[in-house]
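I have placed the structure first, in the form of structure tokens, so that the comments after it can refer back to it.
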Amino acid sequence: MASRETLLKILDLARWAPSGDNTQPWRFEIVADDHVAIHGHDTREWCLYDFNGHASHIAHGALLETLRIAATGEGLAASWTLRSGCPDKAPIYDVRLAAAPGIAADPLLPFIETRVVQRRPMRTTPLSDTQRAALAAAPGAGYSVRFFESGAARRQVAGLLWRNAYLRLTCPEAYPVHKEIIEWRTRFSKDRIPEQAVGVDSATARLMEWVMASWGRVQFFNKYLGGTLAPRVQLDYIPAIACAAHVLVLADTPAAGVEGHARGGVALQRLWLTAASVGLHLQPEMTPLIFRWYARAGQRFSALPEIARGADALADEFERIGGFGRDQALTFFCRVGVCDTPHSRSLRKSVDELMLSPR
Ligand SMILES: Cc1cc2nc3c(=O)[nH]c(=O)nc-3n(C[C@H](O)[C@H](O)[C@H](O)COP(=O)(O)O)c2cc1C
């Protein structure tokens, strides 16, 4: 039905889907000319932010939606199902492709490769009605979108992110993750986040590289030299003010299992590609949402009691600012705005590297 070459072309585009810390938790298998299997994995064993694997499941959904959009460019309709009986830690998604004569290329297709995370300050130009309406409709049925746009609302979010970042930077269990995911002194990284895409100036980057060489240095710096201040100002507070809006995607019903979170990833990627299509850059702000997952599940993620207390307080603050209750399910949180395209970005592993190796 589709040649191997066509399927490889689709996968080559699909791999540009975003994943937390650019972990690309997927491998590809071409099963037949109308069947691709996506073998997912997660990073919960080493990454604190992958709460029960959900951040990875969300990334799987973003990949599956990207694949579906890419297939329309080849005149194919793609749909996926989660294979039953697979463990949560290794879900397999079966993607079926069917010839669809006359199918139009998805309008989001041109943005698959240009979509990129922007962690630096953006312009505060307000969203136009067209941009706001496009973002509100993007995630689709089952989700609603809330905007934090006014100066006062952005300052409230900035305060939330400021306290969130303190937790992130003082949590011993988060330290090995931060150390692992940044590729220092680079502009591009194929399997991590290059230093220049992190969003700090080069002097702060040099200091961070030196300090992050050991947890002892981090602790000393945090305790006696206000070590969390420079990164928090540059990575959290200023960017939270310097944007058009923060955007929260709420789910009508809590995500059920792997598939529910993968559906959330579909919504995320539709929002992100739509933002790109209306001239907006975007940065996910997932850690307050992830800390709230831990807090509301009563799951402790740090040996330090003050970190657990901090996560509980942060969840309360998030709910107060957002005007939603303890049971409200959240799918995605991000900031958007107009700005130049970042000069540094994460790249991807090649399709060859992502192919499931033969057993
Ligand atoms: C589920 C998920 C969570 C993410 N969380 C964050 C986040 O909290 N902060 C951030 O700056 N980027 C976040 N990202 C963005 C990724 O780091 C980014 O997509 C990845 O490094 C690839 O870079 P690219 O999007 O520029 O291609 C997240 C992405 C996904 C899919």
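In which sequence would Asp352, Asp201, Asp312, Asp21 go, from the one with the fewest C-beta neighbours within 10 Å to the one with the most?
Details: Asp352 8, Asp201 11, Asp312 16, Asp21 21.
Taking fewest neighbouring Cβ atoms as first place, the list is Asp352, Asp201, Asp312, Asp21.
What aspartates and glutamates does Lys349 reach when the alpha-carbon gap must be under 12 Å and sequence neighbours fewer than 8 apart in one chain are set aside?
Within the straight-line limit of under 12 Å, Lys349 reaches these aspartates and glutamates: Asp12, Asp191.
Of Ala32, Ala17, Gly53, which is farthest on the positive side of the dipole of the stretch 16-94, counting Cα position, with +1 on Lys and Arg Cβ, -1 on Asp and Glu Cβ, and the Cα centre as origin?
So the residue we want is Gly53.
Taking the inverse of the average 1/r across all pairs of different Cα atoms in the stretch 4-112, what Kirkwood radius in Å do you get?
Result for the stretch 4-112, one decimal place: 14.2 Å.
Tell me which DSSP H helices of the chain clear both cut-offs, 20 Å or more of axial length from alpha-carbon atoms and a mean Kyte-Doolittle hydropathy of at least -1.0.
Once both thresholds are applied, what remains is 54-72, 151-170, 257-277, 305-322.
For the stretch 85-103 and the stretch 126-155, what is the centre-to-centre distance using only Cα atoms, to the nearest Å?
Answer, in whole Å: 31.
Rounded to the nearest 20 Debye, what is the dipole magnitude of the stretch 4-112 about its Cα centre when Lys and Arg each give +1 and Asp and Glu each give -1 at the C-beta?
Details: 9 positive and 14 negative charges, 12 e Å.
So the dipole magnitude of the stretch 4-112 works out to roughly 60 debye.
So for the chain, taking the charge dipole from beta-carbon charges (+1 Lys/Arg, -1 Asp/Glu), which of Thr331, Ser144, Gln219 sits furthest toward the positive end?
In the chain, that residue is Gln219.
List Val157, Val218 from most exposed to least, where exposure is judged by having the fewest other Cβ atoms within 10 Å.
Details: Val157 25, Val218 21.
The most exposed by this proxy come first: Val218, Val157.
Give a quick list of trypsin sites (Lys or Arg not before Pro) in the stretch 310-350 that DSSP marks as loop, anything other than H, G, I, E or B, with at most 15 other Cβ atoms within 10 Å.
When the trypsin sites (Lys or Arg not before Pro) of the stretch 310-350 are filtered for loop state and at most 15 Cβ neighbours within 10 Å, Arg326, Lys349 remain.
Fewest first, what order do Leu354, Leu167 take by the number of other Cβ atoms within 10 Å?
Leu354, Leu167
Looking at the calculated P(r) for the chain, what percent of the C-alpha pair distances fall above 27 Å?
Cα-Cα pairs in the chain separated by more than 27 Å: 46 percent.
Give the separation of the Cα centroids, the stretch 287-347 to the stretch 24-50, in Å.
Each part reduced to its Cα centre gives a spacing of 25 Å.
Size of the dipole of the chain about the Cα centre, Lys and Arg at +1 and Asp and Glu at -1 on the beta carbon, nothing else charged, in debye to 20?
820 debye
DSSP loop chymotrypsin sites (Phe, Trp or Tyr not before Pro) in the stretch 1-85 with at most 14 other Cβ atoms within 10 Å of their Cβ, which ones?
Trp46
Enumerate the lysines that Lys223 could reach by cross-link, defined here as Cα to Cα under 22 Å, with residues fewer than 8 away along the same chain left out.
Lys179
Which whole-number percent is the relative contact order of the stretch 149-305 (Cα, under 8 Å, 6+ apart)? Provide the component values of the computation, followed by the final result.
Values: 101 pairs, mean separation 45.7, N = 157.
Rounded, it is 29 percent for the stretch 149-305.
No value in this document is a laboratory result; all are computed from the given coordinates. Fair warning: this is a prediction, and the values are worked out from it, not measured in the lab. Note that each Cβ is placed from the backbone with ideal geometry, even for glycine, and that neighbours are counted across all protein chains shown.
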